[in-house]
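Q: Dumping the structure here so I can ask a few things about it.
The values are calculated or read from the model by the stated rules, or taken from the named source; none is laboratory data. Note that the structure is predicted; figures quoted are calculated from it, not measured. Positions of Cβ are generated from backbone atoms using ideal geometry, with glycine treated the same way; all protein chains shown enter the neighbour counts. Surface areas here come from the heavy atoms of the whole protein model, side chains and all, with no ligands, DNA or RNA. Shrake-Rupley method; radii C 1.70, N 1.55, O 1.52, S 1.80 Å.
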Amino acid sequence: MSKPLILVVEDDPSVRNLIVTTLKANEYSFIAAGSGEEGASQAATHNPDIILLDLGLPDIDGVEVIKQVRGWAITPIIVISARSDDSDKIAALDAGADDYLTKPFSVEELLARLRATQRRLAYMNSASSSSVFENGGLKIDYAAGCVYLDGEELHLTSIEYKLLCLLAQNVGKVLTHKFITGNVWGTSWDNDIASLRVFMATLRKKLESADSERQYIQTHIGVGYRMVRL
Ligand code: CA
(Lines give C-alpha, C1' and ligand atoms only; values in the text may rest on other atoms or scores of the structure.)
Protein backbone atom coordinates (compact mmCIF):
# COMPACT_ATOMS: atom_id res chain seq x y z
CA MET A 1 0.00 0.00 0.00
CA SER A 2 1.35 3.45 -0.85
CA LYS A 3 1.86 5.99 1.90
CA PRO A 4 -1.01 8.44 2.37
CA LEU A 5 -0.18 11.86 0.93
CA ILE A 6 -0.83 14.78 3.29
CA LEU A 7 -0.94 18.39 2.14
CA VAL A 8 0.17 20.79 4.90
CA VAL A 9 -0.92 24.42 4.48
CA GLU A 10 0.64 26.50 7.25
CA ASP A 11 2.50 29.82 7.09
CA ASP A 12 4.21 29.54 10.49
CA PRO A 13 7.56 27.79 9.78
CA SER A 14 7.90 26.32 13.29
CA VAL A 15 4.44 24.70 13.20
CA ARG A 16 4.98 23.56 9.62
CA ASN A 17 8.31 21.96 10.56
CA LEU A 18 6.78 20.18 13.51
CA ILE A 19 4.04 18.73 11.30
CA VAL A 20 6.36 17.78 8.46
CA THR A 21 8.89 16.12 10.80
CA THR A 22 6.07 14.15 12.42
CA LEU A 23 4.74 13.03 9.04
CA LYS A 24 8.21 11.96 7.87
CA ALA A 25 8.78 9.91 11.01
CA ASN A 26 5.39 8.17 10.67
CA GLU A 27 5.22 6.76 7.18
CA TYR A 28 3.32 9.58 5.55
CA SER A 29 4.32 11.41 2.41
CA PHE A 30 3.65 15.11 2.34
CA ILE A 31 3.69 18.34 0.39
CA ALA A 32 3.74 21.71 2.11
CA ALA A 33 2.46 25.17 1.23
CA GLY A 34 2.95 28.48 3.08
CA SER A 35 -0.06 30.36 1.72
CA GLY A 36 -3.71 29.78 0.87
CA GLU A 37 -3.36 30.26 -2.89
CA GLU A 38 -0.41 27.88 -3.01
CA GLY A 39 -2.33 25.37 -0.85
CA ALA A 40 -5.40 25.40 -3.12
CA SER A 41 -3.25 24.97 -6.20
CA GLN A 42 -1.21 22.13 -4.61
CA ALA A 43 -4.50 20.42 -3.68
CA ALA A 44 -5.65 20.61 -7.29
CA THR A 45 -2.31 19.38 -8.68
CA HIS A 46 -1.53 16.54 -6.28
CA ASN A 47 -4.96 15.37 -5.10
CA PRO A 48 -3.76 14.58 -1.54
CA ASP A 49 -5.48 12.04 0.74
CA ILE A 50 -5.86 14.50 3.64
CA ILE A 51 -5.35 18.27 3.94
CA LEU A 52 -4.06 19.89 7.16
CA LEU A 53 -5.01 23.54 6.88
CA ASP A 54 -4.12 26.51 9.07
CA LEU A 55 -6.97 29.03 9.18
CA GLY A 56 -4.88 32.19 9.66
CA LEU A 57 -2.96 32.50 6.38
CA PRO A 58 -1.20 35.58 4.97
CA ASP A 59 -3.09 35.84 1.69
CA ILE A 60 -6.56 34.28 1.63
CA ASP A 61 -8.43 33.01 4.65
CA GLY A 62 -8.35 29.25 5.38
CA VAL A 63 -12.16 29.17 5.11
CA GLU A 64 -11.81 30.51 1.54
CA VAL A 65 -9.39 27.66 0.76
CA ILE A 66 -11.96 25.14 2.04
CA LYS A 67 -14.67 26.64 -0.19
CA GLN A 68 -12.37 26.47 -3.21
CA VAL A 69 -11.31 22.87 -2.57
CA ARG A 70 -14.91 21.82 -1.83
CA GLY A 71 -15.85 23.10 -5.29
CA TRP A 72 -14.26 19.99 -6.77
CA ALA A 73 -13.06 17.57 -4.06
CA ILE A 74 -14.31 15.83 -0.93
CA THR A 75 -10.75 15.33 0.40
CA PRO A 76 -10.88 15.32 4.23
CA ILE A 77 -9.71 18.65 5.66
CA ILE A 78 -8.46 19.03 9.24
CA VAL A 79 -8.19 22.69 10.18
CA ILE A 80 -5.64 24.08 12.60
CA SER A 81 -6.80 27.07 14.60
CA ALA A 82 -5.86 29.16 17.60
CA ARG A 83 -7.59 28.34 20.88
CA SER A 84 -9.64 31.52 21.01
CA ASP A 85 -11.16 31.29 17.54
CA ASP A 86 -14.36 29.28 18.07
CA SER A 87 -16.19 31.26 15.41
CA ASP A 88 -13.45 30.56 12.84
CA LYS A 89 -13.60 26.88 13.66
CA ILE A 90 -17.37 26.85 13.20
CA ALA A 91 -17.13 28.75 9.89
CA ALA A 92 -14.53 26.23 8.71
CA LEU A 93 -16.69 23.23 9.67
CA ASP A 94 -19.73 24.80 8.02
CA ALA A 95 -17.67 25.39 4.87
CA GLY A 96 -16.92 21.66 4.74
CA ALA A 97 -13.93 20.95 7.01
CA ASP A 98 -14.06 17.56 8.71
CA ASP A 99 -12.24 18.10 11.96
CA TYR A 100 -10.03 20.56 13.80
CA LEU A 101 -6.87 20.72 15.87
CA THR A 102 -6.38 23.55 18.32
CA LYS A 103 -2.94 25.17 18.68
CA PRO A 104 -0.81 24.31 20.51
CA PHE A 105 -1.29 20.60 19.80
CA SER A 106 0.90 17.61 20.54
CA VAL A 107 2.41 15.24 18.00
CA GLU A 108 0.26 12.44 19.49
CA GLU A 109 -2.88 14.51 18.94
CA LEU A 110 -1.94 15.19 15.33
CA LEU A 111 -1.28 11.51 14.64
CA ALA A 112 -4.50 10.47 16.36
CA ARG A 113 -6.54 12.85 14.15
CA LEU A 114 -4.83 11.57 11.02
CA ARG A 115 -5.51 7.94 11.99
CA ALA A 116 -9.15 8.74 12.80
CA THR A 117 -9.55 10.46 9.43
CA GLN A 118 -8.02 7.50 7.61
CA ARG A 119 -10.39 5.12 9.41
CA ARG A 120 -13.31 7.32 8.46
CA LEU A 121 -12.20 7.35 4.81
CA ALA A 122 -11.90 3.57 4.73
CA TYR A 123 -15.29 3.24 6.38
CA MET A 124 -16.96 5.70 3.99
CA ASN A 125 -15.54 3.84 0.99
CA SER A 126 -16.83 0.50 2.22
CA ALA A 127 -20.20 1.58 3.63
CA SER A 128 -21.51 4.10 1.15
CA SER A 129 -23.95 1.65 -0.42
CA SER A 130 -24.99 -0.16 2.76
CA SER A 131 -28.48 0.22 4.20
CA VAL A 132 -27.34 -0.83 7.66
CA PHE A 133 -25.02 1.20 9.88
CA GLU A 134 -23.00 -0.53 12.60
CA ASN A 135 -20.74 1.03 15.18
CA GLY A 136 -19.76 -0.81 18.39
CA GLY A 137 -23.02 -2.19 19.80
CA LEU A 138 -25.12 0.25 17.79
CA LYS A 139 -26.98 -0.80 14.66
CA ILE A 140 -29.27 1.33 12.51
CA ASP A 141 -31.42 -0.37 9.90
CA TYR A 142 -32.27 2.58 7.65
CA ALA A 143 -34.78 0.68 5.52
CA ALA A 144 -36.79 -0.48 8.54
CA GLY A 145 -36.19 2.73 10.50
CA CYS A 146 -35.09 0.69 13.52
CA VAL A 147 -32.21 1.16 15.93
CA TYR A 148 -30.65 -1.60 18.03
CA LEU A 149 -28.24 -1.36 20.90
CA ASP A 150 -26.47 -4.61 21.81
CA GLY A 151 -29.21 -6.49 19.96
CA GLU A 152 -32.10 -4.82 21.82
CA GLU A 153 -34.37 -2.45 19.93
CA LEU A 154 -33.94 1.13 21.09
CA HIS A 155 -37.07 3.29 21.15
CA LEU A 156 -36.33 6.75 19.86
CA THR A 157 -38.56 9.71 19.08
CA SER A 158 -38.57 10.81 15.45
CA ILE A 159 -36.28 13.77 16.20
CA GLU A 160 -33.85 11.56 18.12
CA TYR A 161 -33.85 9.13 15.20
CA LYS A 162 -33.13 11.93 12.71
CA LEU A 163 -30.30 13.22 14.89
CA LEU A 164 -28.80 9.77 15.25
CA CYS A 165 -28.94 9.10 11.49
CA LEU A 166 -27.32 12.45 10.71
CA LEU A 167 -24.48 11.74 13.16
CA ALA A 168 -24.08 8.19 11.83
CA GLN A 169 -23.96 9.30 8.20
CA ASN A 170 -21.16 11.68 9.19
CA VAL A 171 -19.43 9.38 11.67
CA GLY A 172 -16.04 10.75 12.73
CA LYS A 173 -16.86 14.24 11.55
CA VAL A 174 -17.60 17.20 13.83
CA LEU A 175 -21.02 18.65 12.96
CA THR A 176 -21.80 22.22 14.00
CA HIS A 177 -25.00 23.20 15.82
CA LYS A 178 -26.04 25.14 12.73
CA PHE A 179 -25.48 22.19 10.41
CA ILE A 180 -27.47 19.84 12.65
CA THR A 181 -30.41 22.15 13.29
CA GLY A 182 -30.49 23.08 9.58
CA ASN A 183 -30.78 19.40 8.68
CA VAL A 184 -33.20 18.33 11.38
CA TRP A 185 -35.46 21.37 11.73
CA GLY A 186 -34.71 23.18 8.48
CA THR A 187 -33.82 26.34 10.40
CA SER A 188 -31.01 27.47 12.70
CA TRP A 189 -32.52 29.79 15.29
CA ASP A 190 -31.03 30.08 18.77
CA ASN A 191 -34.19 28.32 20.01
CA ASP A 192 -33.40 25.34 17.82
CA ILE A 193 -29.91 25.12 19.28
CA ALA A 194 -31.38 25.13 22.79
CA SER A 195 -33.78 22.33 21.75
CA LEU A 196 -30.92 20.47 20.13
CA ARG A 197 -29.10 20.33 23.49
CA VAL A 198 -32.17 18.81 25.13
CA PHE A 199 -32.76 16.21 22.40
CA MET A 200 -29.07 15.34 22.32
CA ALA A 201 -29.04 14.82 26.09
CA THR A 202 -31.96 12.36 25.94
CA LEU A 203 -30.47 10.57 22.93
CA ARG A 204 -27.13 10.14 24.68
CA LYS A 205 -28.85 8.88 27.81
CA LYS A 206 -30.57 6.17 25.76
CA LEU A 207 -27.38 5.25 23.94
CA GLU A 208 -25.25 5.14 27.01
CA SER A 209 -27.71 3.55 29.41
CA ALA A 210 -26.38 0.04 28.80
CA ASP A 211 -22.74 0.94 29.24
CA SER A 212 -21.81 4.42 30.43
CA GLU A 213 -18.13 3.85 29.57
CA ARG A 214 -19.03 3.66 25.90
CA GLN A 215 -19.44 7.14 24.47
CA TYR A 216 -20.91 7.26 20.99
CA ILE A 217 -21.43 11.01 20.89
CA GLN A 218 -18.80 13.59 21.76
CA THR A 219 -19.77 17.13 22.72
CA HIS A 220 -17.63 19.94 21.33
CA ILE A 221 -18.55 22.82 23.61
CA GLY A 222 -19.60 25.91 21.67
CA VAL A 223 -19.12 24.08 18.36
CA GLY A 224 -21.28 20.96 17.96
CA TYR A 225 -21.23 17.16 18.17
CA ARG A 226 -19.46 14.18 16.66
CA MET A 227 -20.26 10.45 16.57
CA VAL A 228 -17.10 8.56 17.43
CA ARG A 229 -16.19 5.47 15.43
CA LEU A 230 -15.82 2.77 18.12
CA1 CA B 1 -1.01 31.14 10.55
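Q: For helix 107-127, what angle does its Cα long axis make with the longest principal axis of the chain, in degrees from 0 to 90 and rounded to 10?
A: Once rounded, the angle reads 60 degrees.
Q: Moving on. Tabulate in residue order the Karplus-calculated ³J(HN,Hα) for region 213-228, using 6.51 cos²θ - 1.76 cosθ + 1.60 with θ = phi - 60°, rounded to whole Hz; enter x for Gly and Pro.
A: 6, 9, 9, 7, 10, 9, 9, 10, 4, x, 10, x, 9, 9, 8, 8
Q: While we're here: With angles folded into 0 to 90 degrees, how steeply does helix 158-169 sit against the dominant principal axis of the chain? Use alpha carbons for both and round to 10.
A: Once rounded, the angle reads 30 degrees.
Q: Please compute the contact order of region 5-124 in relative form: average sequence separation of alpha-carbon pairs under 8 Å and at least six residues apart, divided by the residue count, as a percent.
A: It comes to 22 percent, rounded to a whole number.
Q: Accessible area per residue of the chain at 1.4 Å probe, in Å²?
A: Spelled out: the 1.4 Å probe surface of the chain, per residue, equals 49 Å².
Q: If you don't mind, another one. Along the principal axes of its C-alpha atoms, what lengths does the chain span, in descending order and rounded to whole Å?
A: Cα extents, longest axis first: 51, 42, 32 Å.
Q: Follow-up question, since we're still on this one. Using the Cβ atoms and a cut-off under 11 Å, what net charge is assigned to the surroundings of His177, where Lys and Arg are +1 and Asp and Glu are -1?
A: Residues close to His177 contribute a combined charge of -1.
Q: Please list, in chain and number order, the residues 5+ apart from Tyr100 or on another chain whose amide H is under 5 Å from its amide H, with Hs placed from the backbone.
A: Val79
Q: Where the Cα atoms of region 5-124 are projected onto their three principal axes, how long is each span, largest first, in whole Å?
A: 30, 29, 23
Q: Using the Cβ atoms and a cut-off under 13 Å, what net charge is assigned to the surroundings of Tyr100, where Lys and Arg are +1 and Asp and Glu are -1?
A: -2
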